[in-house]
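One structure is given below, encoded as C-alpha cells.
The values are calculated or read from the model by the stated rules, or taken from the named source; none is laboratory data. Fair warning: this is a prediction, and the values are worked out from it, not measured in the lab. Cβ placement follows ideal geometry from the backbone for every residue including glycine, while neighbour counts extend to all protein chains displayed.
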Amino acid sequence: MIIGSGKGGQLGVYRNLSSGGFEILKGPPWDSSVTRDQTTPLGWKDAGGNVNLLVGSSSYEDGLPFGAPVKRYFQTRSEVRGGRLRTRE
C-alpha cells in the first residue's frame with residue numbers, strides 16, 4: 001500500500017504481511033521528507049522483478065515553474081534508490 005504525503009511529511013510505503021497486517025518500509029529514501037505535496041503514487045514490478053514507483057509532485061502551493069513534477073523510486077534485490085525524473089522544456 002502506498003500513501004502520498006503533504007509537504008514536509010513522508011511517503012508511506014507499506015508491505016502486506018499476508019497475515020492480516022502491514023509493515024511500514026523504513027530507511028532511505030522512504031523516510032525522507034518531501035518538499036512538495038505528493039499526488040498519485042503509481043507502483044509496478046518490471047520484467048526483472050524490480051519494484052518501481054512514480055510519485056507526482058504538486059507545484060500548486062509554491063507556484064514555482066521549476067522542479068521535477070515526478071519523483072521515481074526503484075528497488076532492486078539489494079538496494080532502494082530515489083531520484084527525480086527530468087522533463088524536457
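Miscellaneous remarks
- Those residues of segment 24-48 which are exposed (fewer than 10 other Cβ atoms within 10 Å of the Cβ) and not in a loop (DSSP other than H, G, I, E, B), in sequence order: W44
- Lone qualifier among D31, D46 - being of a type in the set (D, E, K, R), under 11 Å from the mean Cα position of the chain (by Cα) and modelled with pLDDT under 90: D31
- Where a residue in segment 49-60 is part of a loop (DSSP other than H, G, I, E, B) and its partner, wherever it lies, is surrounded by 15 or more Cβ atoms within 10 Å (Cβ to Cβ), with Cβ under 8 Å and at least six apart: N50/F74; N50/Q75; S58/R36; S58/D37; S58/Q38; S59/R36; Y60/D37
- Residue count for segment 1-28 satisfying the condition of being without any contact (Cβ under 8 Å) to a residue 40 or more places away in the chain, over 12 Å from the mean Cα position of the chain (by Cα) and farther than 25 Å from L64 by Cβ: 11.
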